[in-house]
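Derivation of every value follows stated rules applied to the coordinates shown; laboratory data play no part. Owing to the predicted nature of the structure, the values given are computational and were not obtained by experimental measurement. Note that we place each Cβ from the backbone using ideal geometry, even for glycine, and neighbour counts take in every protein chain shown.
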Amino acid sequence: MEDYKYLFKVVLIGEAGVGKTCLVRRFTQGLFPPGQGATIGVDFMIKTVEINGEKIKIWDTAGQERFRSITQSYYHSANALILVYDVCSQLSFDSLPHWIHEIEKYANTKVLSYLVGNKIDQINRREIPEHIGKQFAKRYEMNFMETSAKEAENVDTLFLDIAMELTKLARQQELDTDKSPTFSAGTTTVVSNCSSCFRF
Ligand SMILES: Nc1nc2c(ncn2[C@@H]2O[C@H](COP(=O)(O)OP(=O)(O)OP(=O)(O)O)[C@@H](O)[C@H]2O)c(=O)[nH]1
């Protein structure tokens, strides 16, 4: 029998090449894959968050336009969405309103959303200052974090924070007996902390 209480579905979205797959590999396998190829459609990995014993099912979607119709169908069942941009790419940042529109159109209204600026290890190539990313996140009521999949900066923190937040929401929902459950059940509980996550 599976020893976990909740199964959380987390979906990563964002332009091609921003580092979605590398973030997932860093968290689930602890590695930075050399020469990571583009994701075709959707890829998924399951990770049990060791600290609290919860299970997170992570869906990595393709950023390329031609796969959009496939990836959109994964938004609805997501408990959390991670919208990723590349801090070295103004183009990826400028595409964020488009992705926000997609979230509003396809995701559950109760979805927990995070804006993540990745590749902060490339200090000399940075185009988007941290405060600009933070401002954008605030405007759209998203949680915000900057990461480096390459240097493993903030990657575990990001996913652990999501697990903690989703557990809080799931417990809250259990207390509210009028609502039908949005979270998959399985038997444990969660607690972790986030020191570098901004919440608005
Ligand atoms: N320097 C640096 N490079 C990164 C980082 N994360 C990813 N990359 C590089 O960025 C490129 C794209 O990474 P992917 O993880 O494939 O990007 P993706 O968003 O999954 O792309 P699609 O699957 O096409 O949507 C690869 O060459 C990675 O090595 C990072 O944190 N720092």
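Worth pointing out:
- Each pair of Cα atoms in the stretch 1-40 enters the Kirkwood radius, and Stokes-Einstein at 37 °C and 0.692 mPa s then converts it into a translational diffusion coefficient of 271 µm²/s.
- ³J(HN,Hα), Karplus 6.51/-1.76/1.60, whole Hz, each residue of the stretch 115-121, x for Gly, Pro: 9, 10, x, 9, 6, 5, 5
- Karplus-derived 3J(HN,Hα) values for the stretch 147-155, using 6.51 cos²θ - 1.76 cosθ + 1.60 with θ = phi - 60°, are 9, 9, 5, 5, 9, 6, 8, 6, 6 Hz; glycine and proline are entered as x.
- Each label point was placed 7 Å from the Cα along the Cα-to-Cβ direction; for LYS150 and HIS98 their separation is 2.4 nm.
- Hits among lysines - C-alpha to C-alpha of LYS47 under 25 Å, sequence gap 8 or more where chains match: LYS5, LYS9, LYS20, LYS55, LYS57, LYS110, LYS119, LYS150, LYS168
- Tensor-based shape of the stretch 1-101 (alpha-carbon gyration tensor, a/c under 1.5 rounded, otherwise prolate or oblate): prolate
- If the chain linking GLU127 and ASP43 were pulled fully straight, counting 0.36 nm for each residue of separation and taking away their Cα-Cα distance, it would gain 27.3 nm.
- 5 angstrom amide H check on VAL49, placed H, neighbours 5+ away: GLU54, LYS55, ILE56
- Lys, Arg +1 and Asp, Glu -1 on Cβ, resulting dipole of the stretch 6-193 about Cα centre, debye, nearest 20: 240
- For the stretch 18-176, the Stokes-Einstein estimate of translational diffusion at 4 °C and a viscosity of 1.567 mPa s comes to 80 µm²/s, using the Kirkwood hydrodynamic radius over alpha-carbon pairs.
- Here the stretch 1-45 is scanned for amide nitrogen atoms under 12 Å from the site 7 Å beyond the Cα of TYR140 along Cα-to-Cβ, giving 13-15.
- Taking θ as phi - 60° and the Karplus parameters 6.51, -1.76 and 1.60, the scalar couplings of the stretch 62-68 work out to 7, x, 5, 3, 5, 9, 3 Hz in sequence order, x denoting glycine and proline.
- Per-residue packing, averaged as other Cβ atoms within 10 Å, sorts the ranges 24-36, 113-125 into the order 113-125, 24-36, beginning with the highest.
- Residues whose amide H comes within less than 5 Å of that of GLU146, counting only those at least five positions distant or on another chain, are GLY117 (H built at 1.01 Å from N in the peptide plane).
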